[in-house]
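K.L.:
Take this structure, written in structure tokens, and hold onto it; I'll ask about it next.
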Amino acid sequence: MTNDFAKHPADETSTALLASAGLRYGLVDTSNREDFAAWFQADSRGFHGPAMSTEQVDSSFAGVTYRRTVGVWDDRLVAPEVPVATTSSWTEQLTVPGGRSIDAWAISSVTVSPTHRRRGIARSLLEGELRSAAEMGVPMAMLTVSESTIYGRFGFGPAVFAADLTIDTTRATLTSAERRGRLQPVSATDFTSGAPEMFDRIRLSTPGQIAGWPLRWDQIAGLAPGDEDYTKKTRIVQFDDDSGTPRGYVVYRVTGGGLDFTNHKLTVDYLLAETPEAYEALWRYILEVDLVREVRAELRSVDEPLLWHLTDRRAVSQAPIDHLWLRILDVVASLSSRSYAGHARIGFDVSDALGFAEGRFLLETNDSGVPRVTKVDAFDAETALLALTVNELSSLYLGGVTASSLVAAGRVTEVTEGASIIVERTFHSPVTPWLSIWF
Ligand SMILES: CC(C)(COP(=O)(O)OP(=O)(O)OC[C@H]1O[C@@H](n2cnc3c(N)ncnc32)[C@H](O)[C@@H]1OP(=O)(O)O)[C@@H](O)C(=O)NCCC(=O)NCCS
């Protein structure tokens with residue numbers, strides 16, 4: 001991965017807009033440790049986090065300074081070197097249907113100091129990010145969100161959902177009793193040397209997964225400084241198949257218990273399985289740990305196979321959330337980059353308040369689902385036509401959202417009768433989209 005994107009200059013429109021409010025908008029020189037540290041403190045403060053220790057700054061300095069790091073400064077303040085707003089962004093690989101990935105502009109660390117809130121700073125940051133990504137030719141922007149009320153106004157739509165699972169271990173018995181392979185406790189460094197390659201071998205099979213950055217494995221394993229309690233409690237178990245090859249890991253913590261020693265809670269922080277056998281064995285292990293009454297697992301798929309392994313599905317409570325939001329910037333490039341389920345001729349009349357995706361687009365797919373996308377002036381009578389905003393097109397993109405729901409909710413207009421069914425059939429992803437991390 002080259003990181004030329006990191007040097008792409010600050011957006012001129014946002015620079016001028018913020019300057020008119022007495023604010024300075026620009027890139028942080030991430031090779032300068034002091035400038036990066038000040039930005040990083042502002043980022044943490046923006047999410048109500050603690051002051052960052054020297055070790056945390058050092059770890060992030062090594063791990064995330066490849067990103068395009070943006071700040072807004074108010075030079076009238078007592079500490080003018082600390083930005084009053086932050087964002088960071090980079091070109092990330094997003095898996096799309098068809099077993100491939102595309103460039104997507106990942107946006108993270110969007111914060112505005114509470115002292116400067118609600119005066120349009122976040123709008124300047126977000127619109128600046130979208131214009132910069134479009135100038136660089138990145139066809140799609142994406143983010144994971146703290147609140148689902150913020151980003152619709154910038155053209156983003158929820159495209160990947162995730163579920164937080166709470167499992168009552170007294171009811172959670174697996175249907176099969178067969179045990180194969182071998183489980184073993186491993187160290188955090190064993191995990192960080194095996195998991196990244198394992199993840200890379202499987203990430204293209206699930207739309208919505210991103211390639212990610214190396215430091216996140218340290219964070220999952222409890223090796224990154226900052227949360228000593230997490231580090232101390234983290235346990236990791238590896239599954240090896242019958243030939244002795246590692247095929248999966250589960251990272252977890254056991255807490256609580258109190259006076260009733262049988263009442264512990266187990267939190268699954270990450271479960272990575274390369275094969276169905278590893279998946280079943282690791283979940284069996286987790287559900288059978290002694291002295292645990294409740295298992296919690298965050299950010300699991302909304303189509304988690306675990307439920308089909310259990311004799312009692314109601315042992316699991318699922319709380320779904322919107323997780324990954326997408327924002328198409330280039331309709332032709334985005335729609336051309338995934339594959340589809342068979343032959344279709346679909347028209348999208350797209351409106352986009354920010355202009356990037358505005359227009360009429362014809363998607364023709366052949367029997368093998370290979371697309372041809374063109375911008376057109378008008379549609380013929382053979383075309384199944386939907387009228388929608390870029391938000392809804394972005395939600396539909398990965399095949400995890402159904403067009404008929406959006407039509408029923410009045411979010412999409414079915415110009416040609418039956419068009420939503422055709423879109424649904426054509427866009428359908430055989431694997432439910434899922435993203436297993438925050439960014
Ligand atoms: C969310 C946050 C970045 C907004 O910054 P801000 O500078 O106050 O936002 P702006 O003034 O530019 O507001 C832009 C628009 O978003 C709306 N908005 C801002 N924050 C919002 C929120 N939390 N919920 C709903 N709408 C919000 C504003 O009303 C405004 O709407 P409009 O322009 O359509 O009238 C800021 O409150 C913050 O840092 N929050 C804590 C960290 C966080 O949650 N970041 C998001 C990470 S995904």
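K.L.:
Take the stretch 376-395 and flag every residue that is of a type in the set (A, V, I, L, M) and either without any contact (Cβ under 8 Å) to a residue 60 or more places away in the chain or in a loop (DSSP other than H, G, I, E, B) (or both).
P.N.:
Those that are of a type in the set (A, V, I, L, M) and either without any contact (Cβ under 8 Å) to a residue 60 or more places away in the chain or in a loop (DSSP other than H, G, I, E, B) (or both): V376, A378, A381, A384, L385, L386, A387, L388.
K.L.:
From T413, T432, T402, T365, grab the single residue that is closer than 28 Å to V145 by Cβ and in contact with a Gly (Cβ under 9 Å, 6 or more places away or on another chain).
P.N.:
Answer to the check: T432.
K.L.:
Let me ask you something else. Quick one: is G128 assigned to a loop (DSSP other than H, G, I, E, B), away from the ligand (no atom under 11 Å from the Cβ) and assigned by TED's automatic domain parsing to the domain that holds G71? If you could, list the steps in order and put the result at the bottom.
P.N.:
On the way: assigned to a loop (DSSP other than H, G, I, E, B): no; away from the ligand (no atom under 11 Å from the Cβ): yes; assigned by TED's automatic domain parsing to the domain that holds G71: yes.
For G128, the condition - assigned to a loop (DSSP other than H, G, I, E, B), away from the ligand (no atom under 11 Å from the Cβ) and assigned by TED's automatic domain parsing to the domain that holds G71 - is not met.
K.L.:
Return the residue satisfying two criteria in turn: it lies in the stretch 46-67 and is among the hydroxyl-bearing types (S, T, Y) and part of a helix (DSSP H, G or I), and of such residues it is nearest to the ligand (Cβ to nearest atom).
P.N.:
Residues of the stretch 46-67 that are among the hydroxyl-bearing types (S, T, Y), as a first pass: 53-54, 59-60, 65-66.
So of that shortlist, the ones also part of a helix (DSSP H, G or I) come out as 54, 59-60.
Values: T54: 24, S59: 21, S60: 17 Å.
Checking each candidate, the answer is S60.
K.L.:
Sticking with this structure for a sec: Which of the residues belonging to the stretch 1-41 are more than 16 Å from V72 (Cα to Cα) and touching a Phe, Trp or Tyr at 6+ places or on another chain (Cβ under 7 Å)?
P.N.:
Of everything in the stretch 1-41, those that are more than 16 Å from V72 (Cα to Cα) and touching a Phe, Trp or Tyr at 6+ places or on another chain (Cβ under 7 Å) turn out to be N3, F5, A6, R33.
K.L.:
Here is a further query. Given the criterion in a strand (DSSP E or B) and either crowded, with 19+ Cβ neighbours inside 10 Å or on the phi > 0 side of the Ramachandran plot (or both), identify the matching residue among A122, A133, A106.
P.N.:
Working: A122 fails: in a strand (DSSP E or B); A133 fails: in a strand (DSSP E or B).
Checking each option against the conditions leaves just A106.
K.L.:
Moving on to the next point. Hey, can you tell me all the residues within the stretch 399-429 that are in contact (Cβ under 8 Å) with a residue 24 or more places away in the chain and farther than 17 Å from E364 by Cα? Can you show your working first?
P.N.:
Narrowing the stretch 399-429 to residues in contact (Cβ under 8 Å) with a residue 24 or more places away in the chain: 399-401, 403, 412-416, 418-420, 422-423, 425-429.
G400, V401, A403, V412, T413, E414, V415, S429, listed by residue number.
K.L.:
Take the residues of the stretch 46-86 that are of a type outside the set (G, A, S), within 22 Å of the chain's Cα centre (by Cα) and farther than 22 Å from N3 by Cα: which is surrounded by the most Cβ atoms within 10 Å (Cβ to Cβ)?
P.N.:
F47
K.L.:
Quick one: V78 ticks every box in (1) out of contact with any strand residue (DSSP E or B) (no Cβ under 9 Å at 6 or more places or on another chain); (2) within 16 Å of the ligand (Cβ to nearest atom); (3) farther than 27 Å from P214 by Cβ bar one, so which box is it?
P.N.:
Status for V78: all satisfied but (2).
Yes/no per residue for (1) small (G, A, S); (2) closer than 20 Å to S124 by Cα:
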| residue | (1), (2) |
| --- | --- |
| V57 | no, no |
| S60 | yes, no |
| R68 | no, yes |
| W73 | no, yes |
| L77 | no, no |
| V84 | no, yes |
| E92 | no, no |
| P97 | no, no |
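K.L.:
Of all residues in the stretch 232-251, which are over 15 Å from D190 (Cα atoms) and not in a loop (DSSP other than H, G, I, E, B)?
P.N.:
Those that are over 15 Å from D190 (Cα atoms) and not in a loop (DSSP other than H, G, I, E, B): K232, K233.
The values are calculated or read from the model by the stated rules, or taken from the named source; none is laboratory data. No experiment lies behind these values; they were computed from the predicted model shown. Reconstructed Cβ throughout: ideal geometry from the backbone, glycine too, with neighbour counts over all protein chains shown.
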